[in-house]
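Nothing in this text is a laboratory measurement; each read-out follows from the coordinates by a stated rule. Predicted model only: the values in this text are computed from it and were never measured. Here the Cβ positions follow ideal geometry from the backbone for every residue, glycine too, while neighbour counts run over all protein chains shown.
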Amino acid sequence: MKVLLTGATGVAGLGILRVLLADNSVSHVTYLGRRPLPPWVILPNGTSTNNNSPTHPKLSTIEHKDFLNFPPALQEKIAGHEPASGHWAFQPALKEKGSGTAENPYRVVFVSGLGADSKETSRVLFERVKGRAENNLIRAAEESGGRIGATIMRPGYFFPSKDYPQDAPNQRGLALRVADKLFGAPLSLFYSGGVISVEQIGQFALAAARGKWEGKGKVIFENAEMKKFLQNLNESTRSREEL
């Protein structure tokens, strides 16, 4: 499976990228972004050098500044992937190329956020914008005749990966890092349904790109649901391995 990923410089996007690169079922990841991965990023089994973007045998990067304009050559590249995370503004390119079929849809996985407002009436800009993006994706999937599949993730609060200590100082300001330290443990203990790790976000996105959640009868998955479905999937996988 080849995956197209946007937003890989963010906390969630970088977590998804690492999960994709570490998974044997993913043959290649194309990162589409306005800028390359920063030099401080460490990838599993990747190569990092001072002042240069990290490299990985399964990773290629396409720098593209204007996410409202996709020239034909870029449309061709987009059409050959399963997209995960971040922007999905390339949906017009999918229509142009007629990507996907009813039997093998082009699956779009969109990382939205807890509190996204599907009615688009919230006074909070984040909630309105996320809700509008969700609605546009759902509409595009419905109008595609089954050629485009949609999964919308609404993760709650998440932290930079603890497995990569260089992430936090590069992805969080000082005030937010202090808040993470002070409230991270209590949130995880008393509000576990609203907290999720970036690794879990990556695992859920990968499963969505494989079509694992298509039989659930829904498109939008809230934070607690994501964790529950992942737990069930992992338990099922362990049971099969023990047989």
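Computed on the Cα trace of region 178-234, the radius of gyration divided by the Kirkwood hydrodynamic radius gives Rg/Rh = 1.05.
For region 7-83 versus region 121-164, the spacing of their alpha-carbon centroids is 20 Å.
The helix-only estimate of mean residue ellipticity at 222 nm for the chain, built from DSSP H runs of length n ≥ 4 each weighted as -39500 (n - 2.57), is -13000 deg cm²/dmol after division by the residue total. Legend: residue pairs Lys2/Lys212; Lys162/Lys212; Lys119/Lys212; Lys119/Lys218; Lys65/Lys218, Cα-Cα distance threshold 22 Å; pairs beyond threshold, Lys162/Lys212; Lys119/Lys212; Lys65/Lys218. Arranged from fewest to most other beta-carbon atoms within 10 Å of their beta carbon, Ser60, Ser25, Ser122 become Ser25, Ser60, Ser122.
Mind running the shape call on region 101-243? Use the C-alpha gyration tensor, a ≥ b ≥ c as the square roots of the eigenvalues: rounded below 1.5 for a/c, prolate if a/b tops b/c, oblate otherwise. Oblate shape, in that a/c is at least 1.5 and b/c is the bigger or equal ratio. Of Lys58, Lys181, the sequence from fewest to most neighbouring Cβ atoms within 10 angstrom is Lys181, Lys58. Tell me whether the chain comes out rounded, prolate or oblate; compute the Cα gyration tensor, take square roots of the eigenvalues as a ≥ b ≥ c, and use a/c under 1.5 as the rounded threshold. Rounded is the answer for the chain, as its axis ratio a/c remains below 1.5. Given +1 at the Cβ of Lys and Arg, -1 at the Cβ of Asp and Glu and no other charges, the dipole of the chain around its Cα centre is 300 debye to the nearest 20.
Taking every DSSP beta bridge that has both ends in the chain, the antiparallel portion is near 5%.
Annotation: aspartates and glutamates with alpha-carbon distance below 17 angstrom to Lys130 (same-chain offsets under eight excluded): Asp117, Glu120, Glu222.
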